[in-house]
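Some notes on the structure that comes next.
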Amino acid sequence: MDKHYKLWQSREIIDKYLNKNVSDFFDSETYFIKRVGLRIHSVLDMGCACGRLIELFHLYNKEIDYTGIDLSMESVQNARKLYPQSIFVNANALEYSTQKTFDLVNATGVCQHEPQFEKLVQKMIDLSGKYILFDVKLAAIKEHLININVAYSNNESPIYFNILSLNKLISFLKKLENISRISVYGYVTAKNTRNVIPDDIGELVSAGILLEKASSDFVGVPELHIEMPTFLTS
């Protein structure tokens, strides 16, 4: 396993997500899952930890066929005990393979720590039949900052802390195939003292991105809907 993944197997992280409540989920998760919850019946959750996202889905839809993937075998074992009716797999999402597709493929708190986040987004699209949901961190910068030596989380076992350019992100998303609609919902987020980032990075924005798969007869460019602090869009 690559060094930058090892934090996810630490006692601190395993216990943190084991004790997670519905109120602890990001605003962007609640915002989008509330919108699409009744339209989905199957979910693939990448970076599922112990599967607590099921609780958020159940606020809107009790009939969810849920599959979770996580790097931590202990988290997977915890998830299987908590939610025996669901499927949990110990794997790296980038390497996961299945013949199934899912109404929603979700990756929360993953892309901001994954240096190959664009490859992961494409993987999510390939496995989805309707929706793709993930989140990122943005700042008023021209180029993505993806460098574990410059921006990282956790000093003892560093992981990537990716900070993206909104313009570059939108450019990437608009080039994706088989996507009919791109929705972005972002809000200013407080800087975490455990994150090391350059001093010249201004305010950070947490943003959820919901992609909608196109129908087979779709032609044209995807619709773009952005709800974002004005300092990133002006």
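What the table below lists for this structure:
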quantity: Test: K130 is surrounded by fewer than 18 Cβ atoms within 10 Å (Cβ to Cβ) and assigned to a strand (DSSP E or B); calculated: yes
quantity: Residue match in region 163-175 (condition: in contact (Cβ under 8 Å) with a residue 24 or more places away in the chain, out of contact with any Cys (no Cβ under 7 Å at 6 or more places or on another chain) and either acidic (D, E) or part of a loop (DSSP other than H, G, I, E, B) (or both)); calculated: no
quantity: Residue match in region 55-64 (condition: more than 17 Å from K81 (Cα to Cα), hydrophobic (A, V, I, L, M, F, W, C) and surrounded by fewer than 16 Cβ atoms within 10 Å (Cβ to Cβ)); calculated: yes
quantity: All positions within region 58-108 that are within 24 Å of D126 (Cα to Cα) and among the small types (G, A, S); calculated: G68, S72, S86, A91, A93, S97, A107
quantity: Residue within region 127-139 that is of a type outside the set (S, T, Y) and without any contact (Cβ under 8 Å) to a residue 60 or more places away in the chain present; calculated: no
quantity: Extreme residue, farthest from S42 (Cα to Cα), among residues of region 76-99 that are modelled with pLDDT of 95 or more and β-branched (V, I, T); calculated: V76
quantity: Residues located in region 177-217, provided they are under 19 Å from L127 (Cβ atoms) and assigned to a loop (DSSP other than H, G, I, E, B); calculated: E177, N178, A214, S215, S216
quantity: Elements of type strands (runs of 3 or more DSSP E) in region 1-116, at least 1 residues being free of Cβ contacts under 8 Å to residues at least 60 places away in the same chain; calculated: 65-70, 87-90
quantity: Residue list for region 85-102, filter: under 24 Å from K175 (Cβ atoms) and surrounded by 18 or more Cβ atoms within 10 Å (Cβ to Cβ); calculated: A93, F102
quantity: Tally of residues being within 12 Å of G109 (Cβ to Cβ) and surrounded by 14 or more Cβ atoms within 10 Å (Cβ to Cβ) across region 8-27; calculated: 6
quantity: Within region 202-224, tally of residues that are out of contact with any Phe, Trp or Tyr (no Cβ under 9 Å at 6 or more places or on another chain) and crowded, with 17+ Cβ neighbours inside 10 Å; calculated: 2
quantity: Scope region 1-43; condition of a type in the set (S, T, N, Q), touching a strand residue (DSSP E or B) at 6+ places or on another chain (Cβ under 7 Å) and modelled with pLDDT under 90; matching residues; calculated: S28
quantity: Residues located in region 175-186, provided they are surrounded by fewer than 17 Cβ atoms within 10 Å (Cβ to Cβ) and at pLDDT 95 or above; calculated: S180, R181
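Condition check ((1) at positive phi; (2) under 15 Å from the mean Cα position of the chain (by Cα); (3) surrounded by fewer than 16 Cβ atoms within 10 Å (Cβ to Cβ)) across all residues:
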residue: V121; (1), (2), (3): no, yes, no
residue: H144; (1), (2), (3): no, no, no
residue: N149; (1), (2), (3): no, no, yes
residue: Y152; (1), (2), (3): no, no, no
residue: I163; (1), (2), (3): no, yes, no
residue: N167; (1), (2), (3): no, no, yes
residue: A190; (1), (2), (3): no, no, yes
residue: I226; (1), (2), (3): no, no, yes
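The values are calculated or read from the model by the stated rules, or taken from the named source; none is laboratory data. Just so you know, these numbers come straight off a predicted model, no measurement behind them. Quick reminder, even Gly has a Cβ in these numbers, built from the backbone with ideal geometry, and neighbours come from all protein chains shown.
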